[in-house]
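Novice: After the structure tokens below, expect a handful of questions from me.
Any read-out appearing in this document is the output of simple, stated calculations on the displayed coordinates, not a laboratory observation. Fair warning: this is a prediction, and the values are worked out from it, not measured in the lab. Here the Cβ positions follow ideal geometry from the backbone for every residue, glycine too, while neighbour counts run over all protein chains shown.
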Amino acid sequence: MNGKAALLALLLPLPALAQGFAGLGTTADGFALPERRELVFPADHGAHPDFRVEWWYLTATLSGTDGTDYGAQWTLFRTALGPGGGETTGWSDPQVWMGHAAVTTPDHHFVAERLARGGIGQAGVTALPFSAWIDDWQMTGTGPREADALAQLRLAARGPDFGYALDLVAQGPIVPQGDRGYSVKSAAGQASHYYSQPFYRVSGQLDLPGRAVQVTGQAWLDREWSSQPLAADQTGWDWFSLMFDDGARLMAFRLRDGGAGFTSATWIAADGTPTPLPPGALTLKPLEQAKVAGRDVPIGWRLDLPARDLDVTVRALNPQAWMAVSVPYWEGPIRIEGSRSGRGYLEMTGY
């Protein structure tokens with residue numbers, strides 16, 4: 001699902017912020033709404049300005065030549081100031097952009113944020129050749145034009161005390177989430193368009209205070225767009241991307257409300273075949289909490305999916321992986337143990 005709404009929260013009036021986390025439960029009057037349809041590539045890699053909010057969201061679990069585990073995040077958010085769609089030049093463009101970048105180590109969590117206005121070239125996305133950018137932060141397609149535009153990517157970002165340059169090569173297909181990319185988010189029917197590329201192999205370099213580290217690992221890209229992805233009473237979410245050592249993958253989320261919440265998941269076989277799972281098929285149980293930025297945040301979980309004989313626990317590499325940005329949230333790499341092993345990422349909002 002991925003936490004992807006901070007920019008929208010900056011732009012909505014304060015009364016709207018009570019309507020779902022970061023205003024994502026706000027009525028979508030005048031904006032386009034998701035509908036059940038086939039995803040269209042490469043067009044859907046690009047922006048959808050008729051929708052209110054959208055993101056390009058990549059997380060990577062990495063191992064350094066120094067023997068240390070790391071995590072890296074690169075995110076570009078787009079939001080529209082009002083309905084009507086389209087893009088114009090100059091400061092009258094209704095699209096506003098925000099970027100988040102982070103590197104997580106076992107002992108530190110480095111974070112940076114960028115803000116930009118559409119129409120002046122400071123940020124944007126093109127579908128083919130694929131390029132997403134905000135200032136000098138780049139996610140750029142590097143493969144042959146006739147191939148899938150996301151098959152090979154170059155990723156770069158830099159903050160005051162960290163940076164990275166990573167090369168990504170997909171080892172499997174793009175995966176639609178939900179019903180062919182139509183992902184339901186509540187019993188009331190709120191939804192988004194959502195697909196993932198969960199099969200990247202990664203190599204590159206992290207620049208950290210006093211040292212540079214060569215790294216390899218895996219990465220997961222999420223693409224999502226909507227205009228009202230949450231119900232008004234949904235206060236936040238817990239989102240998991242799990243990459244198992246046997247090649248299978250699992251996307252899972254729980255949207256919290258005043259009751260039992262709404263859960264959804266997609267099982268992804270090692271060959272990329274997705275199996276959407278019905279709401280409630282997956283059980284998520286917090287096991288361990290930590291005090292993070294003055295909040296009690298669950299940083300250890302049990303996930304139980306009987307349909308796949310899955311019973312695992314996940315724990316944070318660094319419990320203090322707090323994204324201290326305009327609308328803060330927790331995001332960091334996790335280790336998986338139990339009936340399957342592996343690594344992944346966890347995002348938690350609304351705590």
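Novice: Tell me, what is the percent relative contact order of the stretch 200-329, built from C-alpha pairs under 8 Å that lie six or more residues apart?
Specialist: Averaging sequence separation for qualifying contacts and normalising by length gives 11 percent for the stretch 200-329.
Novice: Tell me, what is the FRET efficiency for residue 270 and residue 36 to the nearest 0.05, using R0 = 35 angstrom and their Cβ-Cβ distance as r? Intermediate values should be presented prior to the final figure.
Specialist: Details: r = 27 Å, r/R0 = 0.78.
That gives a FRET efficiency of 0.80.
Novice: Then there's this: Whole Å is fine, so just give me how far the alpha carbon centre of the stretch 258-286 lies from that of the stretch 173-214.
Specialist: With the stretch 258-286 and the stretch 173-214 each reduced to a Cα centre, they are spaced 15 Å.
Novice: Over the stretch 307-351, what relative contact order in percent results from Cα pairs under 8 Å that are six or more residues apart? Each step should come with its number before you reach the end.
Specialist: On the way: 75 pairs, mean separation 16.8, N = 45.
Contact order relative to length: 37 percent.
Novice: Mean separation of Cα pairs under 8 Å and 6+ residues apart, divided by the residue count of the chain: what relative contact order is that in percent? Don't skip to the end; give the middle numbers.
Specialist: Working: 986 pairs, mean separation 59.3, N = 351.
It comes to 17 percent, rounded to a whole number.
Novice: Please compute the alpha carbon radius of gyration of the chain, then divide it by the globular-protein estimate 2.2 N^0.38 Å. Two decimals is fine. Numbers along the way, then the final one.
Specialist: Working: Rg = 18.6 Å, N = 351, 2.2 N^0.38 = 20.4 Å.
The value comes to 0.91.
Novice: Of 179, 69, 107, which is the most mobile in a GNM of the chain whose springs link Cα atoms less than 10 angstrom apart?
Specialist: Of the options given, 107 has the highest mean-square fluctuation.
Novice: In addition: With springs only between Cα atoms under 10 Å, which of 167, 207, 309 fluctuates most in a Gaussian network model of the chain?
Specialist: Judging by the Gaussian network model, the answer is 309.
Novice: What are the ³J(HN,Hα) couplings of the stretch 322-327, residue after residue, when phi is run through the Karplus curve with 6.51, -1.76, 1.60 and θ = phi - 60°? Round to Hz, x for glycine and proline.
Specialist: Going residue by residue, I get 8, 8, 7, 10, 4, 10 Hz, with x marking Gly and Pro.
Novice: Step through the residues of the stretch 59-68 one at a time and calculate ³J(HN,Hα) from phi using the Karplus curve (6.51 cos²θ - 1.76 cosθ + 1.60, θ = phi - 60°), rounding each to whole Hz and writing x for Gly and Pro.
Specialist: 10, 9, 9, 10, 10, x, 5, 8, x, 9
Novice: Using a Gaussian network model on the chain with a 10 Å cutoff between Cα atoms, which of 265, 187, 151 fluctuates the most?
Specialist: For the chain, modelled as a Gaussian network with Cα springs under 10 Å, the answer is 187.
Novice: For 145, 201, what's the fewest-to-most ordering of other Cβ within 10 Å of each Cβ? Write out the running numbers ahead of the final one.
Specialist: Details: 145 10, 201 13.
Listing 145, 201 from fewest to most nearby Cβ atoms yields 145, 201.
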